[in-house]
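Okay, so here's the structure we're looking at.
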Amino acid sequence: MTVIDELGKQVLKGVSRSFYLTLRLLPGPMRGAASLGYLLARTSDTLADSAAVPLESRRWSLDAFRRCVAGESDFQPWPTMILNAIPDERERLLLEQTEAVLSWLRHLPEGEAALVREVLEIIIGGQALDLERFATASRENPVALQDDAALDDYAWRVAGCVGAFWTK
């Protein structure tokens, strides 16, 4: 089994739950880029949502990951503190496989890689904004988006851009 096969079947299946089933039904030429895009987005989501990791460390990790996806820097393994803060073993495995996932991105045909990078830039930007916007939110102190424009932007970053990616 190749690294891509392992990532696409074992790791993806572990972190995507039902989305894995959907990906298998896509036309063959779409499957690789969609699977990789999902793994990259799931990686950034795990980094952003790991509440046991201090906020500044999550911001740093998310930005470091964004730079790697964009091809602006090389990946450095995640600090043990971050890996140990991930309670779900499947998500921890995903983070441990970050270098392999980024390698898959580097080996995609350039047009597909550009589309994956484009959608990830939007998603990661939204996750970074969420860390900023909702940093003080809690059950006792809910934080709402400011207006309709902020809601539109939020919906685009978390879901709309994915639909546009699939269409392209």
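The values are calculated or read from the model by the stated rules, or taken from the named source; none is laboratory data. Just so we're clear, the structure is a prediction, and the values are computed from it rather than from any experiment. Note that each Cβ is placed from the backbone with ideal geometry, even for glycine, and that neighbours are counted across all protein chains shown. Just the protein is used for accessible areas: all its heavy atoms, side chains included, with ligands, DNA and RNA removed. Shrake-Rupley method; radii C 1.70, N 1.55, O 1.52, S 1.80 Å.
Under the rule of -39500 (n - 2.57) per DSSP H run of 4 or more residues, summed and divided by the residues of the chain, what mean residue ellipticity at 222 nm is obtained, to the nearest 500 deg cm²/dmol? Before the final figure, lay out each step's value.
Working: 11 runs with 113 residues, N = 168.
That comes out to -20000 deg cm²/dmol.
Express the carbon and sulfur contribution to the solvent-accessible surface of the chain as a percent, rounded to the nearest whole number, probe 1.4 angstrom. Present the calculation step by step, with values, prior to reporting the outcome.
Details: 5150 of 9410 Å².
In the chain, the share of accessible area belonging to carbon and sulfur is 55 percent.
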In what sequence, largest accessible area first, do 49, 147 appear using a 1.4 Å probe? 49, 147
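Among residues other than residue 145 whose Cβ falls under 11 Å from its Cβ, what is the net charge (Lys/Arg +1, Asp/Glu -1)?
Values: positive: 133; negative: 130, 147, 148, 152, 153.
With Lys, Arg at +1 and Asp, Glu at -1, the net is -4.
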Accessible area per residue, Å², the chain with all protein chains present, probe 1.4 Å: 56
Sorting 123, 15, 53 by the position of each Cα along the dipole of the stretch 1-137 (Lys, Arg +1; Asp, Glu -1; all at Cβ), the one nearest the positive end of that ordering is 15
For the stretch 68-160, go through all pairs of different Cα atoms, get the mean of 1/r, take its inverse, and jot down that Kirkwood value in Å. 15.7
SASA check, residue 82, accessible area w/ 1.4 Å probe, all protein chains in place, rounded to nearest 10 Å², comes out at 10
Angle in degrees between helix 110-133 and the longest Cα principal axis of the chain, rounded to the nearest 10: 20
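With every protein chain kept in the model, how would you rank 156, 104 by accessible area, 1.4 Å probe, largest at the top? Display every interim value, and only then the final one.
Numbers: 156 110, 104 20 Å².
Sorted by accessible area, descending: 156, 104.
Could you please put 22, 167 in sequence from largest to smallest accessible area, using a 1.4 Å probe? Mind showing how you got there, number by number?
Working: 22 65, 167 120 Å².
Result of the area sort, largest leading: 167, 22.
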Projected onto their principal axes, the Cα atoms of the chain stretch, largest extent first, over whole-Å spans of 48, 37, 32
To the nearest Å, what is the center-to-center distance of the stretch 93-135 and the stretch 12-27, using C-alpha atoms only? 18
